[in-house]
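Data block below; observations after.
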Amino acid sequence: MADTKRFEGYGVLVTGAARGIGAAVARRLAGEGARVLLTDRDLPEVDKTAAALRDEGLDAASALCDVADQTAVDAAVAHAVDLFGGLDVLVNSAAGCTPDAPRFEDDSDAAWARDIDITLTGARRCCRAALPHLAASGRGAIVSIGSVNGLQDFGNHAYSAAKAGLASLTRTLAGHAAARGVRVNLVVPGTVRTSAWEGREDAIDGLAPLYPLGRVGEPEDIAAAVAFLASRDAAWITGTSLVVDGGLTAVNTGFHTVVHHGGATA
Ligand SMILES: NC(=O)c1ccc[n+]([C@@H]2O[C@H](COP(=O)([O-])OP(=O)(O)OC[C@H]3O[C@@H](n4cnc5c(N)ncnc54)[C@H](O)[C@@H]3O)[C@@H](O)[C@H]2O)c1
């Protein structure tokens, strides 16, 4: 558990919080004193995750919320406001990612629409519902979870386009919300060991050598960055994307391997 208490008295809503990065964010912010509403479209699992946090002595509640449904999003935000008497932080972690078809032409319109709807429009729905409450808080912050897929080609066309769109929405909403006292930022993870990689454990282990810092990420690596951007430590930061990827996108590992270990002269 974190040894600082930056979120004492804060009310926080996290989407996609049943597992993975969303769950780690909820645990981190609650560990720093926040009251957290964990939401997910998987109610049994988000109930379990919140109960586990309560067993650790943390202030955590859970609710069903599919970010594809504006009515459900509005209800979840209203529920958080009821619970906490307001809302200080929104964390958008829910996303949808459909594997690409082998040929680009065979990707379905339905899969494209679904990934964009959950990943980009879902975050917009949550921001729209939460913004008036975040503005009333006086210390409101939104942190969304992007992806290195929004920066480079790692496959997954629709998901990648949605994550790039989320970086743009982060900037434009930051511009709008600044005058209302709300900061809006994005954390951009590289590969993180979560259930999103279930059944592909060999692949995730095989990716470690591509990471200059020698390993893939853990959900806690991302939660620490979210906590920073949501906190008053980041009081003068808005509209930014914080890349948390072990150096993946900054360092051209393939180039270094060839030049320094493969005998090429560059
Ligand atoms: N794991 C990675 O390698 C990685 C890398 C970069 C970015 N990310 C991003 O991190 C975030 C969390 O991913 P994760 O790896 O923890 O995934 P995960 O699969 O472990 O958890 C995602 C959670 O989101 C929930 N969810 C999915 N669709 C939803 C919807 N429509 N409404 C509400 N909840 C929904 C799922 O039920 C699940 O509990 C996502 O935005 C993802 O794109 C993950």
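The values are calculated or read from the model by the stated rules, or taken from the named source; none is laboratory data. This one's a predicted model, so the numbers in the text were calculated from it and none came from an experiment. Here the Cβ is made from the backbone with ideal geometry for all residues, glycine too, and neighbour counts use every protein chain on show. SASA here: full protein model, heavy atoms, side chains in, ligands and nucleic acids out. Shrake-Rupley method; radii C 1.70, N 1.55, O 1.52, S 1.80 Å.
Worth pointing out:
- What the phi angles of the stretch 195-210 give under the Karplus curve with 6.51, -1.76 and 1.60, with θ = phi - 60°, is a coupling list of 5, 4, 9, 3, x, 10, 4, 4, 5, 5, 5, x, 7, 3, x, 6 Hz, glycine and proline written as x.
- When all protein chains stay in place and ligands, DNA and RNA are ignored, the 1.4 Å accessible-area order of Phe104, Phe255, Phe84, Phe154, largest first, is Phe104, Phe255, Phe154, Phe84.
- Rounded to 10°, Cα long-axis angle of helix 219-230 versus longest principal axis of the chain: 50
- The chain: most fluctuating residue of Leu38, Leu151, Leu166 per GNM, C-alpha cutoff 10 Å: Leu151
- Those residues of the stretch 130-159 whose amide nitrogen sits under 11 Å from the label point placed on Asp202, 7 Å along Cα→Cβ: none
- The residues packed around Ala24, meaning those with a beta-carbon under 11 Å from its beta-carbon, carry a net charge of +1 if Lys and Arg are +1 and Asp and Glu are -1.
- Helix 70-84 and the long axis of the chain differ in direction by around 60°, with both axes built from C-alpha atoms.
- Formal net charge of residues neighbouring Gly146 (Cβ-Cβ distance under 13 Å; K, R +1; D, E -1): +1
- Built amide H within the under 5 Å cut-off of Leu242, gap 5+: Leu186, Val187, Val188
- The chain: calculated mean residue ellipticity at 222 nm from DSSP helix runs of at least 4, using -39500 (n - 2.57): -12500 deg cm²/dmol
- Separation of alpha-carbon centers, the stretch 162-235 and the stretch 90-140, rounded to whole Å: 14
- Seen from Leu248, the other residues with C-beta closer than 15 Å to its C-beta sum to a net charge of -1, counting Lys and Arg as +1 and Asp and Glu as -1.
- Amide proton proximity set for Ser62, modelled H, under 5 Å, gap of 5+: Leu38
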